[in-house]
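Chemist: Dumping the structure here so I can ask a few things about it.
The values are calculated or read from the model by the stated rules, or taken from the named source; none is laboratory data. Not measured: the values here are computed from a predicted model. When we count neighbours, we look across all protein chains shown, and the Cβ atoms used for this are built from the backbone with ideal geometry, even at glycine. With ligands, DNA and RNA removed, areas are computed over all heavy atoms of the protein, side chains included. Shrake-Rupley method; radii C 1.70, N 1.55, O 1.52, S 1.80 Å.
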Amino acid sequence: AWILSVQPDLEPRIDWGIAGSGIATDSTVPIELNHWHYLAATVSYDAATNRSSARVYLDGELTGSLLNNPDAGPPTEYNTGVAIGAANYDDDGNIKQRFRGVIDEVTVYDRPLSDEEIRHRYQNVFLRVLLDLQRDHEDDD
């Protein structure tokens, strides 16, 4: 299981591992409010060494990592479904925390992307955002 979140101090964080293991990797760079950002994370598991690694990226740059951790354990299947923009359910299944902002273009891959792949995707998405903003500005004129 894993959770990609933004903490109250505005630092991105990835939590992962077997239930209750509490493994987390924080970004060293906080998110600037009211600006567009590209947030990504990778989690990998090496069965031969029984070690997990996680990386957090902000705007295409690696900003936090925890590598070759033996405490997270292998990936586990959960029947809790997927929540985007929400976390921490109470005993009745109600969401206790919701993301305040806009989330766009969520993508999940079946493998961890490389640093270069994440940087390339950030550059492509950022270019599209800039072009859309320019087009919107021209339409307003």
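Chemist: Say each of Val102 and Asp71 gets a label point 7 Å from the Cα, pointing the same way as Cα to Cβ; how far apart are those two points in nm?
Modeler: 3.9 nm
Chemist: Now for a separate question. Please work out how much accessible surface Phe99 shows to a 1.4 Å probe, ignoring ligands, DNA and RNA, in Å² rounded to 10.
Modeler: 100 Å²
Chemist: While we're looking at this one, here's another question. Would you mind working out the accessible area per residue for region 102-141, using a 1.4 Å probe, and quoting it in Å²?
Modeler: Accessible area per residue: 87 Å².
Chemist: Could you give the nm distance between label points at Leu131 and Asp115, where each point is 7 Å from its Cα heading toward the beta carbon?
Modeler: The two pseudo-label positions are separated by 2.8 nm.
Chemist: A follow-up question, please. Just to verify a number: what accessible area does Thr107 come out at with the full protein assembly present, 1.4 Å probe, Å² rounded to tens?
Modeler: 80 Å²
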